[in-house]
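Single-structure report; data block below.
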């Protein structure tokens, strides 16, 4: 049976993780390993992880989303993760219950594709889809931003079929076969925050012929903050820098 390594990066998300009973239950399943990378070095989170049996790493501090997950991947490899195992990148503010996670394990046991995502919702009643599936952006999207419109269109999940291929999915919940993550070299370290997920989905499709497959019937809830939408914030500046970097790299690889 394959192993499942859950990678979560915390940047002051102590309360989200400490109160996530579902994650504790999931960690008790056979062959499931939870690893928390703490980007701030919180003593309370370190103690919590020790008490519930999560792997905890903190160094180096102050690195971006992609590099943090790459550090977790290296840690998992050093602790026995094999090429055929699964590496799950999940945001600290995402919740998935044990029933959905068990169904996910069962699906992955016979999965032939190497990159997948689940169906994210904004609310625990599962009535509001999160726009977590989108098409790759292009240069025209900059004008949409100026007009305060979405950079690139999202898929209407109502009409997306189970196991349908999509262009890219939110890094809030991405599932990699370990060998694919290794072949891609993980997330691109050029991106400090934003578009790491777009970039890795694009490279997976172009370089390894592995598009993202959507598990519509596996549900999770994402309590995202969407800080990049405030045009006066540093997050929005990071967002723009990452957008230009992705568009430039995409153009080179077409």
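Bear in mind these aren't lab numbers, they're just calculated from the coordinates by the rules spelled out. This one's a predicted model, so the numbers in the text were calculated from it and none came from an experiment. Neighbour counts run over all protein chains shown; Cβ positions are idealised from the backbone, glycine included.
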May I have the convex hull volume per residue, in Å³, for the Cα set of region 1-142? 148 Å³
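Can you order the peptides 150-162, 182-194, 125-137 by their average number of other Cβ atoms within 10 Å per residue, highest first?
On the way: 150-162: 13.0, 182-194: 18.1, 125-137: 16.2.
Output ranking for 150-162, 182-194, 125-137: 182-194, 125-137, 150-162.
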Quick one: plug the Kirkwood hydrodynamic radius of region 57-112 (C-alpha pairs) into Stokes-Einstein at 4 °C, 1.567 mPa s, and report D in µm²/s. 97 µm²/s
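Taking the DSSP beta bridges in the chain as the whole, what percent of them are antiparallel, to the nearest 5? Before the final figure, lay out each step's value.
Details: 16 of 36 bridges.
Roughly 45 percent of the beta bridges in the chain run antiparallel, per DSSP.
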Projected label distance in nm at residue 154 and residue 43, using a 7 Å step from Cα toward the beta-carbon: 4.1 nm
If the chain between residue 248 and residue 207 were fully stretched, how many nm would it gain, using 0.36 nm times the residue separation less the Cα-Cα distance? 13.1 nm
Under a no-solvent Debye model with one identical scatterer per Cα of region 103-144, what's log10 I(q)/I(0) at q = 0.20, 0.21, 0.22, 0.27 Å⁻¹? -0.84, -0.86, -0.88, -0.95
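Rounded to the nearest 5, what is the percent of antiparallel bridges among the DSSP beta bridges in region 1-148?
On the way: 1 of 15 bridges.
Close to 5 percent.
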In region 68-194, if every C-alpha pair distance is counted and binned at 10 Å from zero, what percent goes to each bin? 10, 36, 37, 15, 2
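Calculate, in nm to one decimal, what residue 11 and residue 52 gain on full extension: separation in residues at 0.36 nm each, minus their alpha carbon distance. Write out the running numbers ahead of the final one.
Details: separation 41, 0.36 × 41 = 14.76 nm, distance 1.94 nm.
Here the answer is 12.8 nm.
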Distance from region 1-43 to region 66-129 (C-alpha centre basis), Å: 11 Å
What does the extension gain come out to for residue 61 and residue 164, with contour length at 0.36 nm per residue minus their alpha carbon separation? 33.3 nm
Both in Å, the radius of gyration and Dmax of the C-alpha trace of the chain are 17.4, 51
Per the helix-only calculation at 222 nm, which mean residue ellipticity applies to the chain, given -39500 (n - 2.57) for every DSSP H run of n ≥ 4 and division by its residues, nearest 500 deg cm²/dmol? -11000 deg cm²/dmol
